[in-house]
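One structure is given below, encoded as C-alpha coordinates.
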Amino acid sequence: MEKKLRIAIQSKGRLSEKSLGIIEQCGINFGNDPRVLKEEAYNFPLEFLFVRDDDIPGYVKSGIADIGIVGRNEFDEKQIALDVIRDLGFAKCRLSVAVPNSFNYTGLKDLDGLRIATSYPNILDGVLKKNGVSASYVNVSGSVEVTPAIGVADAICDLVSTGTTLKMNGLKEVEEIYQSSAIMVMNPDIESERKNILDKLLLRIDSVIRAKNYKYVMFNLPEEHIKEAAAIVGGMKSPTVTKLFESDWVSVQTVVAEDKFWSVFDQLIELGAEGILVTRIEKMTE
Ligand code: PRT
Ligand code: ZN
(Lines give C-alpha, C1' and ligand atoms only; values in the text may rest on other atoms or scores of the structure.)
(Ligands and ions follow the chains in the order given, each with its own letter.)
Protein backbone atom coordinates (compact mmCIF):
# COMPACT_ATOMS: atom_id res chain seq x y z
CA MET A 1 0.00 0.00 0.00
CA GLU A 2 1.17 3.48 -0.79
CA LYS A 3 2.48 5.32 2.25
CA LYS A 4 0.94 8.63 3.21
CA LEU A 5 2.39 11.61 4.99
CA ARG A 6 0.58 12.19 8.28
CA ILE A 7 0.02 15.74 9.50
CA ALA A 8 -1.35 16.75 12.91
CA ILE A 9 -3.50 19.87 12.85
CA GLN A 10 -5.42 21.63 15.61
CA SER A 11 -9.02 20.41 15.41
CA LYS A 12 -10.67 23.61 16.61
CA GLY A 13 -9.07 26.90 17.53
CA ARG A 14 -6.95 29.75 16.30
CA LEU A 15 -4.65 27.58 14.20
CA SER A 16 -7.17 25.31 12.50
CA GLU A 17 -8.51 27.40 9.68
CA LYS A 18 -5.21 28.85 8.49
CA SER A 19 -3.42 25.50 8.80
CA LEU A 20 -5.98 23.86 6.53
CA GLY A 21 -6.00 26.99 4.37
CA ILE A 22 -2.33 26.58 3.50
CA ILE A 23 -2.86 22.93 2.56
CA GLU A 24 -5.84 23.91 0.42
CA GLN A 25 -3.82 26.60 -1.34
CA CYS A 26 -1.36 23.85 -2.24
CA GLY A 27 -4.12 22.41 -4.42
CA ILE A 28 -4.82 19.58 -1.98
CA ASN A 29 -8.50 18.73 -1.51
CA PHE A 30 -10.12 16.96 1.42
CA GLY A 31 -13.40 16.68 3.24
CA ASN A 32 -13.49 18.89 6.31
CA ASP A 33 -15.85 17.38 8.84
CA PRO A 34 -14.93 18.73 12.28
CA ARG A 35 -16.36 15.64 13.96
CA VAL A 36 -13.83 13.25 12.51
CA LEU A 37 -10.41 12.64 13.99
CA LYS A 38 -8.81 11.46 10.78
CA GLU A 39 -9.22 12.56 7.20
CA GLU A 40 -7.46 11.72 3.96
CA ALA A 41 -6.72 14.07 1.10
CA TYR A 42 -8.34 13.11 -2.21
CA ASN A 43 -5.53 14.11 -4.52
CA PHE A 44 -2.31 13.94 -2.49
CA PRO A 45 -0.87 11.20 -0.23
CA LEU A 46 -1.66 13.12 2.95
CA GLU A 47 -3.56 12.04 6.04
CA PHE A 48 -4.82 14.55 8.60
CA LEU A 49 -5.03 13.98 12.31
CA PHE A 50 -7.21 16.59 14.03
CA VAL A 51 -6.21 17.05 17.68
CA ARG A 52 -5.74 19.64 20.45
CA ASP A 53 -2.76 21.85 19.83
CA ASP A 54 -1.18 20.85 23.17
CA ASP A 55 -0.93 17.26 21.93
CA ILE A 56 0.68 18.02 18.57
CA PRO A 57 4.38 18.04 19.61
CA GLY A 58 3.87 14.75 21.48
CA TYR A 59 2.09 13.04 18.59
CA VAL A 60 4.82 14.06 16.18
CA LYS A 61 7.52 12.90 18.58
CA SER A 62 5.93 9.51 19.09
CA GLY A 63 5.51 9.03 15.33
CA ILE A 64 1.71 9.00 15.34
CA ALA A 65 2.08 11.94 12.97
CA ASP A 66 5.12 12.81 10.84
CA ILE A 67 4.63 16.55 10.87
CA GLY A 68 2.41 19.04 12.67
CA ILE A 69 1.41 22.68 12.69
CA VAL A 70 1.62 24.28 16.11
CA GLY A 71 2.30 27.62 17.80
CA ARG A 72 5.99 28.14 18.47
CA ASN A 73 4.99 28.93 22.07
CA GLU A 74 3.44 25.51 22.54
CA PHE A 75 6.45 23.80 20.96
CA ASP A 76 9.05 25.66 23.05
CA GLU A 77 7.07 25.21 26.22
CA LYS A 78 6.80 21.44 25.75
CA GLN A 79 10.55 21.13 25.18
CA ILE A 80 10.12 18.10 22.93
CA ALA A 81 12.95 17.57 20.44
CA LEU A 82 11.56 17.99 16.91
CA ASP A 83 12.83 19.69 13.79
CA VAL A 84 11.24 23.06 13.08
CA ILE A 85 11.02 23.01 9.29
CA ARG A 86 8.98 26.13 8.45
CA ASP A 87 7.71 29.29 10.07
CA LEU A 88 4.29 29.68 8.51
CA GLY A 89 3.92 33.26 9.70
CA PHE A 90 0.30 33.21 10.84
CA ALA A 91 -1.20 33.20 14.37
CA LYS A 92 1.37 35.77 15.38
CA CYS A 93 1.32 36.71 19.04
CA ARG A 94 3.66 37.63 21.88
CA LEU A 95 4.14 36.25 25.34
CA SER A 96 4.12 39.14 27.79
CA VAL A 97 4.22 39.84 31.47
CA ALA A 98 1.29 41.94 32.66
CA VAL A 99 0.54 43.44 36.05
CA PRO A 100 -2.47 45.20 37.61
CA ASN A 101 -2.77 48.83 36.48
CA SER A 102 -1.94 50.03 39.99
CA PHE A 103 1.39 48.17 40.02
CA ASN A 104 4.33 50.58 39.77
CA TYR A 105 6.47 48.52 37.42
CA THR A 106 10.09 49.53 36.72
CA GLY A 107 11.69 46.33 35.37
CA LEU A 108 11.90 42.54 35.50
CA LYS A 109 13.54 42.63 38.92
CA ASP A 110 10.24 43.90 40.36
CA LEU A 111 8.90 40.39 39.80
CA ASP A 112 11.36 38.92 42.28
CA GLY A 113 9.52 36.84 44.88
CA LEU A 114 6.11 37.37 43.29
CA ARG A 115 3.54 34.78 42.17
CA ILE A 116 3.11 34.78 38.41
CA ALA A 117 0.23 32.91 36.78
CA THR A 118 1.04 31.41 33.40
CA SER A 119 0.55 28.47 31.04
CA TYR A 120 4.16 28.91 29.93
CA PRO A 121 6.32 28.36 33.04
CA ASN A 122 9.27 26.93 31.08
CA ILE A 123 9.59 29.84 28.65
CA LEU A 124 9.04 32.37 31.44
CA ASP A 125 11.48 30.66 33.78
CA GLY A 126 14.17 30.72 31.08
CA VAL A 127 13.80 34.49 30.68
CA LEU A 128 13.59 35.26 34.41
CA LYS A 129 16.59 33.06 35.27
CA LYS A 130 18.66 34.80 32.60
CA ASN A 131 17.80 38.07 34.31
CA GLY A 132 18.54 36.80 37.80
CA VAL A 133 14.90 36.99 38.87
CA SER A 134 13.28 34.27 40.93
CA ALA A 135 9.50 34.08 41.11
CA SER A 136 7.00 31.35 41.84
CA TYR A 137 4.73 30.15 39.09
CA VAL A 138 1.04 29.48 39.38
CA ASN A 139 0.29 27.02 36.61
CA VAL A 140 -3.04 27.72 34.97
CA SER A 141 -4.26 26.41 31.65
CA GLY A 142 -6.89 29.07 30.92
CA SER A 143 -8.32 32.41 32.09
CA VAL A 144 -4.87 33.47 33.22
CA GLU A 145 -5.88 37.12 33.15
CA VAL A 146 -8.40 36.82 35.99
CA THR A 147 -5.89 35.42 38.51
CA PRO A 148 -4.64 38.76 39.94
CA ALA A 149 -8.20 39.96 40.56
CA ILE A 150 -9.09 36.81 42.50
CA GLY A 151 -5.90 36.96 44.54
CA VAL A 152 -4.26 33.87 43.09
CA ALA A 153 -1.31 35.70 41.54
CA ASP A 154 0.47 39.09 41.61
CA ALA A 155 1.26 39.18 37.91
CA ILE A 156 0.59 37.10 34.82
CA CYS A 157 2.52 35.97 31.78
CA ASP A 158 0.25 35.19 28.84
CA LEU A 159 -0.15 35.39 25.09
CA VAL A 160 -1.25 38.75 23.75
CA SER A 161 -2.30 39.74 20.27
CA THR A 162 -4.43 42.90 20.38
CA GLY A 163 -4.08 43.58 24.12
CA THR A 164 -7.85 43.85 24.59
CA THR A 165 -8.09 40.96 27.05
CA LEU A 166 -5.51 42.54 29.33
CA LYS A 167 -7.25 45.93 29.25
CA MET A 168 -10.60 44.36 29.98
CA ASN A 169 -9.13 42.76 33.08
CA GLY A 170 -7.45 45.89 34.47
CA LEU A 171 -3.96 44.72 33.56
CA LYS A 172 -1.12 46.45 31.74
CA GLU A 173 1.46 44.79 29.53
CA VAL A 174 4.90 45.63 30.93
CA GLU A 175 7.34 43.20 29.37
CA GLU A 176 7.31 41.32 26.08
CA ILE A 177 9.45 38.25 26.60
CA TYR A 178 8.85 36.13 23.51
CA GLN A 179 7.32 36.16 20.03
CA SER A 180 5.42 33.36 18.39
CA SER A 181 3.78 32.30 15.17
CA ALA A 182 2.62 29.01 13.70
CA ILE A 183 5.44 26.65 12.78
CA MET A 184 5.65 23.30 11.03
CA VAL A 185 7.47 20.64 13.03
CA MET A 186 8.77 17.29 11.83
CA ASN A 187 9.74 14.06 13.51
CA PRO A 188 13.52 13.89 12.97
CA ASP A 189 13.23 10.14 12.30
CA ILE A 190 10.60 10.44 9.58
CA GLU A 191 10.62 7.47 7.13
CA SER A 192 12.28 8.20 3.81
CA GLU A 193 9.18 7.42 1.76
CA ARG A 194 7.18 9.90 3.82
CA LYS A 195 10.01 12.40 3.68
CA ASN A 196 9.78 12.32 -0.11
CA ILE A 197 6.10 13.22 0.08
CA LEU A 198 6.93 15.97 2.57
CA ASP A 199 9.50 17.44 0.19
CA LYS A 200 6.81 17.67 -2.50
CA LEU A 201 4.43 19.31 -0.05
CA LEU A 202 7.09 21.80 1.08
CA LEU A 203 7.77 22.84 -2.50
CA ARG A 204 4.11 23.78 -2.78
CA ILE A 205 3.95 25.41 0.65
CA ASP A 206 7.01 27.52 -0.10
CA SER A 207 5.48 28.79 -3.31
CA VAL A 208 2.27 29.67 -1.44
CA ILE A 209 4.19 31.49 1.32
CA ARG A 210 6.38 33.32 -1.18
CA ALA A 211 3.32 34.39 -3.17
CA LYS A 212 1.75 35.83 -0.01
CA ASN A 213 4.80 38.03 0.53
CA TYR A 214 4.64 39.60 -2.91
CA LYS A 215 2.24 41.57 -5.06
CA TYR A 216 2.05 41.64 -8.84
CA VAL A 217 2.23 45.27 -9.94
CA MET A 218 1.50 46.81 -13.34
CA PHE A 219 1.67 50.48 -14.25
CA ASN A 220 2.16 52.90 -17.12
CA LEU A 221 5.12 55.26 -17.19
CA PRO A 222 6.77 57.78 -19.51
CA GLU A 223 9.51 55.76 -21.22
CA GLU A 224 12.25 58.19 -20.16
CA HIS A 225 11.80 57.16 -16.49
CA ILE A 226 12.10 53.43 -16.97
CA LYS A 227 15.62 53.09 -15.51
CA GLU A 228 14.63 54.94 -12.34
CA ALA A 229 11.46 52.85 -12.04
CA ALA A 230 13.43 49.62 -12.43
CA ALA A 231 15.73 50.71 -9.60
CA ILE A 232 12.73 51.41 -7.36
CA VAL A 233 10.79 48.22 -7.94
CA GLY A 234 13.73 45.81 -7.89
CA GLY A 235 11.65 42.78 -8.75
CA MET A 236 12.62 39.16 -9.18
CA LYS A 237 14.81 39.76 -12.20
CA SER A 238 14.11 42.89 -14.18
CA PRO A 239 10.63 44.20 -14.86
CA THR A 240 8.82 43.39 -18.10
CA VAL A 241 8.46 46.52 -20.19
CA THR A 242 6.02 46.79 -23.09
CA LYS A 243 5.82 49.79 -25.36
CA LEU A 244 2.38 51.40 -25.54
CA PHE A 245 0.97 51.86 -29.02
CA GLU A 246 1.72 55.27 -30.59
CA SER A 247 3.10 56.99 -27.52
CA ASP A 248 6.30 57.48 -25.59
CA TRP A 249 4.81 55.62 -22.62
CA VAL A 250 5.54 52.08 -21.56
CA SER A 251 3.62 49.52 -19.54
CA VAL A 252 5.66 47.88 -16.76
CA GLN A 253 4.93 44.55 -15.02
CA THR A 254 6.82 43.38 -12.00
CA VAL A 255 6.69 41.74 -8.59
CA VAL A 256 7.06 43.82 -5.42
CA ALA A 257 7.61 42.60 -1.86
CA GLU A 258 4.55 43.25 0.29
CA ASP A 259 6.49 45.06 3.03
CA LYS A 260 8.04 47.47 0.51
CA PHE A 261 4.86 48.01 -1.46
CA TRP A 262 3.71 51.39 -0.12
CA SER A 263 7.11 52.99 -0.31
CA VAL A 264 7.48 51.70 -3.89
CA PHE A 265 3.98 52.99 -4.67
CA ASP A 266 4.78 56.51 -3.42
CA GLN A 267 8.02 56.65 -5.41
CA LEU A 268 6.31 55.46 -8.60
CA ILE A 269 3.64 58.13 -8.28
CA GLU A 270 6.38 60.72 -7.88
CA LEU A 271 8.01 59.42 -11.07
CA GLY A 272 4.76 60.00 -12.92
CA ALA A 273 3.42 56.44 -13.02
CA GLU A 274 -0.27 56.12 -13.87
CA GLY A 275 -2.83 53.36 -13.85
CA ILE A 276 -1.06 51.38 -11.13
CA LEU A 277 -2.72 47.99 -10.90
CA VAL A 278 -1.92 45.64 -8.02
CA THR A 279 -2.98 42.02 -7.77
CA ARG A 280 -2.48 39.13 -5.40
CA ILE A 281 -0.21 36.30 -6.48
CA GLU A 282 -1.48 32.78 -5.87
CA LYS A 283 1.67 30.74 -6.36
CA MET A 284 5.23 31.73 -7.08
CA THR A 285 8.41 29.73 -7.58
CA GLU A 286 11.87 31.14 -7.07
O1 PRT B 1 -8.33 23.40 22.32
P2 PRT B 1 -6.89 23.59 22.04
O3 PRT B 1 -5.99 23.19 23.17
O4 PRT B 1 -6.50 22.98 20.72
O5 PRT B 1 -6.70 25.18 21.79
P6 PRT B 1 -6.16 26.33 22.76
O7 PRT B 1 -7.30 26.97 23.41
O8 PRT B 1 -5.04 25.83 23.61
O9 PRT B 1 -5.45 27.27 21.72
P10 PRT B 1 -5.98 28.50 20.84
O11 PRT B 1 -6.76 27.99 19.69
O12 PRT B 1 -6.59 29.57 21.68
O13 PRT B 1 -4.57 29.06 20.34
C14 PRT B 1 -3.73 28.28 19.57
C15 PRT B 1 -2.46 29.06 19.27
O16 PRT B 1 -2.79 30.30 18.64
C17 PRT B 1 -1.66 29.50 20.48
O18 PRT B 1 -0.84 28.46 20.98
C19 PRT B 1 -0.82 30.62 19.89
O20 PRT B 1 0.31 30.09 19.22
C21 PRT B 1 -1.74 31.24 18.86
N22 PRT B 1 -2.33 32.54 19.27
C23 PRT B 1 -2.25 33.69 18.55
C24 PRT B 1 -3.01 32.81 20.41
C25 PRT B 1 -3.34 34.17 20.35
N26 PRT B 1 -2.88 34.68 19.20
C27 PRT B 1 -4.12 34.74 21.44
N28 PRT B 1 -4.40 35.94 21.43
N29 PRT B 1 -3.40 32.03 21.43
C30 PRT B 1 -4.12 32.57 22.43
N31 PRT B 1 -4.49 33.89 22.49
C32 PRT B 1 -5.32 34.29 23.68
C33 PRT B 1 -4.49 34.67 24.90
O34 PRT B 1 -4.17 33.52 25.64
C35 PRT B 1 -5.44 35.62 25.64
O36 PRT B 1 -6.39 34.89 26.40
O37 PRT B 1 -6.11 35.42 23.37
C38 PRT B 1 -6.17 36.30 24.50
C39 PRT B 1 -5.46 37.58 24.19
O40 PRT B 1 -5.88 38.11 22.96
P41 PRT B 1 -5.98 39.69 22.75
O42 PRT B 1 -6.24 39.88 21.30
O43 PRT B 1 -7.10 40.20 23.61
O44 PRT B 1 -4.63 40.30 23.17
ZN1 ZN C 1 -4.28 24.11 23.72
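The values are calculated or read from the model by the stated rules, or taken from the named source; none is laboratory data. From a predicted model like this one, the values you see are computed outputs, not experimental measurements. Heads up, the Cβs are rebuilt from the backbone with ideal geometry, glycines too, and the neighbour counts pull from every protein chain shown. Just the protein is used for accessible areas: all its heavy atoms, side chains included, with ligands, DNA and RNA removed. Shrake-Rupley method; radii C 1.70, N 1.55, O 1.52, S 1.80 Å.
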- Message: Against the condition within 16 Å of ligand 1 (Cβ to nearest atom), hydrophobic (A, V, I, L, M, F, W, C) and without any contact (Cβ under 8 Å) to a residue 40 or more places away in the chain, how does Met168 come out, does it pass?
- Response: yes
- Query: Of the residues Ile183, Ile205, Ile197, which is within 16 Å of ligand 2 (Cβ to nearest atom), modelled with pLDDT of 95 or more and among the hydrophobic types (A, V, I, L, M, F, W, C)?
  - Reply: Ile183
- Item | Residue within the stretch 75-87 that is acidic (Asp, Glu) and closer than 17 Å to Ile156 by Cα present | yes
- Which residues, counting only those in the stretch 61-77, are within 15 Å of ligand 1 (Cβ to nearest atom), touching a residue at least 40 places away in the same chain (Cβ under 8 Å) and not polar (S, T, N, Q)? Ala65, Gly68, Ile69, Val70, Gly71, Arg72, Phe75, Asp76, Glu77
- Run Glu74 past the list (1) more than 16 Å from ligand 2 (Cβ to nearest atom); (2) in a helix (DSSP H, G or I); (3) not β-branched (Val, Ile, Thr) and report the number of the one that doesn't hold. (1)
- Query: Restricted to the stretch 59-105, and to residues that are among the acidic types (Asp, Glu) and crowded, with 16+ Cβ neighbours inside 10 Å, which residue is farthest from Val174 (Cα to Cα)?
  - Reply: Asp66
- Query: Would you say Ile56 is surrounded by 13 or more Cβ atoms within 10 Å (Cβ to Cβ), under 20 Å from the mean Cα position of the chain (by Cα), at pLDDT 95 or above and not assigned by TED's automatic domain parsing to the domain that holds Val160?
  - Reply: yes
- Task: Count, please, the residues in the stretch 1-41 that happen to be within 14 Å of ligand 1 (Cβ to nearest atom) and in contact (Cβ under 8 Å) with a residue 40 or more places away in the chain.
- Result: 9
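How do the strands (runs of 3 or more DSSP E) wholly within the stretch 213-286 filter down when requiring 2 or more residues that are surrounded by 14 or more Cβ atoms within 10 Å (Cβ to Cβ): which remain?
Answer list for the stretch 213-286: 214-222, 249-257.
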- Query: Hey, does the stretch 23-45 have a residue that's within 16 Å of ligand 2 (Cβ to nearest atom) and within 25 Å of Lys200 (Cβ to Cβ)?
  - Reply: no
- When residues of the stretch 131-180 are filtered for being open to solvent by 60 Å² or more (accessible area, probe 1.4 Å), part of a strand (DSSP E or B) and away from ligand 2 (no atom under 16 Å from the Cβ), how many remain? 5
- Query: What is the residue count in the stretch 42-60 for residues that are without any contact (Cβ under 8 Å) to a residue 40 or more places away in the chain, in contact with a helix residue (DSSP H, G or I) (Cβ under 8 Å, 6 or more places away or on another chain) and more than 16 Å from ligand 1 (Cβ to nearest atom)?
  - Reply: 0
- Residue satisfying all of: in the stretch 80-100; within 16 Å of ligand 2 (Cβ to nearest atom) and not in a strand (DSSP E or B); nearest to Val208 (Cα to Cα) among these: Ala91
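Determine if the stretch 8-17 includes at least one residue that is away from ligand 2 (no atom under 16 Å from the Cβ) and open to solvent by 20 Å² or more (accessible area, probe 1.4 Å).
Within the stretch 8-17, not a single residue is away from ligand 2 (no atom under 16 Å from the Cβ) and open to solvent by 20 Å² or more (accessible area, probe 1.4 Å).
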- Query: Which of the residues belonging to the stretch 29-49 are open to solvent by less than 20 Å² (accessible area, probe 1.4 Å) and modelled with pLDDT under 95?
  - Reply: Gly31
